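The values are calculated or read from the model by the stated rules, or taken from the named source; none is laboratory data. All values derive from a computational prediction rather than experimental measurement. All Cβ positions, glycine included, derive from the backbone under ideal geometry; neighbour counts span all protein chains shown. When the accessible area is computed, the model is the full protein with side chains, heavy atoms only, and any ligands, DNA or RNA have been set aside. Shrake-Rupley method; radii C 1.70, N 1.55, O 1.52, S 1.80 Å.
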Amino acid sequence: MRSASPLRKSVPAPLAAREGGRARPRVDRGAQRELSSMSSLTEKDRPIVQLLLNTGTCPRCILRFCCVGSQTLYRHPYKDLMKDLKEFLKKNQEKEDTVCFDVVDPPCKRIRLEHTEEGPDDVNHNGGLQQIPSVNNENTAVENLAVKVCNVCLGVLQEFCEVDFVKKVCQKVNSADYQFTSFVFSMSLPPQLSVRECAAWLLVKQEMGATACPDCFKPAKNKQSVFTRMAVIKALEKIKEEDFLKHFPCPPSSPKNLCVALEIQCNNGAVFVAGRYNKYSRNLPQTPWIIDGERKLESSVEELISEHLMAEFKADSFNFSSSGREDVDVRTLGNGRPFAIELVNPRRIHFTAEEMKGLQQTINNSSDKIQVRDLQLVTREAIGRMKEGEEEKTKTYSALIWTDKAIQKEDIAFLDDIKELKLDQKTPLRVLHRRPLAVRCRIIHTMKSEYIDEHHFRLHMKTQAGTYIKEFVHGDFGRTKPNIGSLLNRTADILELDVESVDVDWPPTLDN
Ligand code: ZN
């Protein structure tokens, strides 16, 4: 029962769960063919239909409890379903019925309920015999039930399955102005539906015994709630039947009010945009730089790129990621650093290559601090390639270095001959507040020096990703060994640092 409960998620998809395992004996097929839309119901369903109809259950819930799996039937208008159900009862009552139990004297249109003393107060009692509404009389209980709020689904399968509500949803979706090619319709339902559902199953089980549809009536244990959906479901799984019955009317009482749709929400799946960025400013952080709630610099790389994407994709928010990051005072030159942006709940999702190029141009025209290239739509999975093996990738840097003692060209020339220099780097003092203390082994693959004057030279380095370059130059009080200072036997410091390339072959390079 639990797993088959069609009220848990979208309606009526979970019915398929029961449809699959359903191997119920069909009786009197000849008669069924006459029963118009109710041909999915068998003689065995009749007492269930009658019982639920009497206790204030709506036609679509009745179909669920009769294990009708085909969705077609549920799409019929409410009024037609009610009419057809009555027709079904009428036709069957006119027949000799050997399979159906609990039905006495069809011409009298009465049904005996075995536990009428436990039935709800609002059901008519007649000395153990319950009056079933005559299908020929317009002023019958069945007619009244047509407008009654369902005691199991609170009207979810009444009003919300009708054309008017579907139109309302369509209007909402259309006015939300989304681009999409497929969609999922999901509902968030009141937790008490689970309890009502439980009570209704219990009722059907009690009345019909286990013989009518054993597949449907798995052992039911039940209730007690703290009113969150999960709590209710957990509780329903734990509680014993007799305890459940003490706490909740069975059948569920008829609700006064229809369940209302609080909100119809539209959401689009995220789309992902990737590219490479150059950063030409030494005063621009990659992500917003906020310390103790106070903003230190007015912009950031991610904001300069994302604001245009947000506007074009009409998204709610974004998540920025990149292949590594540079310090606020470090420029990123060359082909730039790969980045990806997740655009959350975008309205617009279709962009041609030409439009993406235009978007890239818009970003580039808006700031001289950054430039982007290879801007393109990518899949969520592809972004993994940007992050994978990040440590193994190489990066190329250019550093402007100062030395305390004078240097000649010859003093630094030997650096060019050093290959695959192994470093031991203790976590730098400047990041120790946010990174664990560790000694990491990093490799400087190659170096090329460029003499400027007695106290300055430029050093080009190809390094393993994750190497702390500033520390490699000044030594970080001996925490990085060896370092440029120790190699030159001088005090060295770094004045400027640029990233010259990030060797990650993703995203694909585009023309122009
Ligand atoms: Zn219902």
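How far is it, in nm, from the label point at E454 to the one at L258 when both lie 7 Å from their Cα along the line to the Cβ?
Distance between the two pseudo-spin positions: 9.3 nm.
At 1.4 Å probe size, with every protein chain present, just tell me what the per residue accessible area of segment 394-502 comes to in Å².
Details: 5300 Å² over 109 residues.
For segment 394-502, the per-residue accessible area is 49 Å².
Report E162's accessible area, 1.4 Å probe, all protein chains in place, as a number in Å² to the nearest 10.
E162 exposes around 50 Å² with every protein chain in place.
Could you run the Karplus curve 6.51 cos²θ - 1.76 cosθ + 1.60 with θ = phi - 60° over segment 355-369 and give me ³J(HN,Hα) per residue in whole Hz, x for Gly and Pro?
Listing the rounded values in order: 5, 5, 5, x, 5, 4, 5, 4, 4, 5, 6, 8, 8, 9, 7 Hz.
Return a single number: how many Lys pairs in segment 345-426, at a sequence separation of 8 or more or on separate chains, have alpha-carbon atoms below 20 angstrom apart. Walk me through the numbers on the way to the answer.
Working: K357/K369; K387/K395; K393/K419; K393/K422; K395/K419; K395/K422; K395/K426; K409/K419.
For segment 345-426, qualifying lysine pairs total 8.
Hey, any idea what % of segment 372-484's accessible area is carbon plus sulfur with a 1.4 Å probe? If you can, show how the numbers build up before the last one.
Working: 3130 of 5860 Å².
Carbon-and-sulfur percentage of accessible area, whole number: 53.
Listed highest first by mean packing, meaning other Cβ atoms within 10 Å per residue, what order do 373-379, 476-482 come in? Before the final figure, lay out the partial values.
Details: 373-379: 18.3, 476-482: 16.3.
Highest mean packing first, the order is 373-379, 476-482.
In whole Hz, what ³J(HN,Hα) sequence does segment 498-505 give by Karplus (6.51, -1.76, 1.60; θ = phi - 60°), x for Gly and Pro?
Taking θ as phi minus 60°, the curve returns 10, 8, 9, 7, 10, 7, 10, 8 Hz for segment 498-505.
Suppose accessible area is computed on protein heavy atoms with a 1.4 Å probe; arrange L297, L343, L429 from highest to lowest. Walk me through the numbers on the way to the answer.
Details: L297 30, L343 0, L429 80 Å².
These residues rank, largest area first, as L429, L297, L343.
Run the reach check for K167 against lysines, Cα to Cα strictly under 23 Å, same-chain hits fewer than 8 apart removed. What comes back?
The reachable lysines, counting only those whose Cα sits under 23 Å from K167, are K9, K79, K148.
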